[in-house]
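What follows is a set of notes on a single structure, which appears directly below.
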Amino acid sequence: MSLRREFVELALREGANRRELARRFEISPTTGYKWLVRYQAQGPAGLAERSRRPRHSPRRTSEALERAVVELRDEHSAWGGRKLRRRLQSLGHAVVPAASTITQIVRRSGRALGQLSAPSMPWHRFEAPAPNALWQMDFKGHFALGAGRCHPLTVLDDHSRFALGLRACANERAATVEQELRGLFARYGLPERVLTDNGPPWGHSARGEQYTTLTVWLMRLGIRVLHGRPHHPQTQGKDERFHRSLRAEVLAGRSFADLGQVQRHFDRWRTVYNTERPHEALQLACPVSHYQISARALPPTLPPIEYGPDDIVRRVQWNGEIYYAGREFHVGKAFHRLPVALRPRARDGQFDVVFCHQRIGRIRLDAPD
């Protein structure tokens, strides 16, 4: 049901390539159009195998509406009056009271509306100009299970706040993240840039290495890799805010037996977050209404590394060094055996070090050894 809902929401976006979308979701175009017809005729109920319950009842009494408010609040215990009101409207209620009235209904029922947001210092807010211009990704702090630990990997589109990935991982290794990203790239396409922190598996700040085998793989796919400022989590503010919602709406007060149980909760909540939960930063729209899949598909093999005729090309040695003009310069061990290009800067004796499409460093011949 969650994948069907996600498919139709994306397929109904203006300019969506429905045949390509069906291919990404591994269904036939006939099946995809069948879901679209059912969804347009019956709403979400049309995607279920059996349920034909109507989405709304316009003749409900105010007493019934109060019950609907309370039931929705029980389903989403961290939502406030504004989100509950917008969701009731989305569900098709003909008459929906003001957010303040909904707040009073919830309080009269004995259910407190807690304050989810924590006080923070003001900081400069930014937003990518279009879907897939920037993805933010990070691990939310791991927690214990009945057997082992869970490391939640989160991937968020910066422009739309669409939750592309929410995976219950057993570890935070590069191979684990690459496997999860391959699945996301196959379904949603490639972003232009990704923003991560400086810790493993995206960087080794403690070792002085900014890039890893994982970030090298991303750059070879034509994705620009950005790292947030050390000790400044607000750089990835949208993903941090997503983590707070995840903690409040899924993890708080719950215990889990294994990764499979966690993933089932994650899948249900991700569908709610993307297609039902009103988002304050989107004027109470849902993230799926602002998202479109990328036109850049995941290639079957990594493209070759090519540079221009005027570039000075050097191959990185086992220790992360390159040799130029009789001197050694450190580039990074993650680039072992791969070619990098040296491009002169305006100032004599200085060169940008470029890997594929991205500048990864700078060397100075005028600096002492």
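Annotations for the structure displayed:
- Normalised by residue number, the volume inside the convex hull of the Cα atoms of the stretch 62-108 is 64 Å³ per residue.
- Here the Karplus relation 6.51 cos²θ - 1.76 cosθ + 1.60, evaluated at θ = phi - 60°, turns the backbone of the stretch 261-273 into coupling constants of 5, 4, 5, 4, 5, 4, 4, 5, 5, 4, 5, 4, 4 Hz, with x for every Gly and Pro.
- Highest-first arrangement of 243-253, 154-164, where packing means the average Cβ count within 10 Å: 154-164, 243-253
- Rounded to the nearest 10 degrees, the angle from helix 29-42 to the longest Cα principal axis of the chain is 40 degrees.
- FRET efficiency for Ala281 and Glu63, using Cβ-Cβ distance with R0 set to 35 Å, rounded to 0.05: 0.55
- Other residues with beta-carbon under 15 Å from the beta-carbon of His290 carry, at +1 per Lys or Arg and -1 per Asp or Glu, a net charge of -3.
- Restricting the stretch 280-327 to chymotrypsin sites (Phe, Trp or Tyr not before Pro) that sit in a DSSP loop and have at most 16 other Cβ atoms within 10 Å of their own Cβ leaves Tyr307, Trp318.
- Length released on extending from Ser2 to Ala257, taking residue separation times 0.36 nm less the Cα-Cα span: 89.5 nm
- For the stretch 312-364, the square roots a ≥ b ≥ c of the C-alpha gyration tensor eigenvalues yield an a/c of 1.5 or more together with a/b not exceeding b/c, which makes the shape oblate.
- Dipole size of the chain about its Cα centre, with +1 on Lys/Arg Cβ and -1 on Asp/Glu Cβ: approximately 1360 debye, rounded to the nearest 20.
- Listed peptides 193-203, 139-149 by packing density, highest first (mean Cβ within 10 Å): 193-203, 139-149
- Compared with the direct C-alpha span, the chain from Ala48 to Ala367 gains 108.1 nm at full extension, assuming 0.36 nm per residue.
- Potential lengthening of the chain between Phe143 and His357 amounts to 73.3 nm, from the contour at 0.36 nm per residue minus the alpha-carbon distance.
- Cut-off 14 Å, label 7 Å out along Cα→Cβ of Glu75, residues of the stretch 1-28 by amide N: 2
- Electrostatic bookkeeping for Ala133 treats Lys and Arg as +1 and Asp and Glu as -1; over the other residues with beta carbon under 14 Å from its beta carbon, the sum is +1.
- Total formal charge among the other residues, if their Cβ is under 13 angstrom from that of Glu178, Lys/Arg +1 and Asp/Glu -1: +2
- Listed residues Pro304, Pro44, Pro129, most fluctuating in the chain (Gaussian network, C-alpha, under 10 Å): Pro304
Bear in mind these aren't lab numbers, they're just calculated from the coordinates by the rules spelled out. Worth saying up front: this structure is predicted, and the values here are computed from it rather than measured. All Cβ positions, glycine included, derive from the backbone under ideal geometry; neighbour counts span all protein chains shown.
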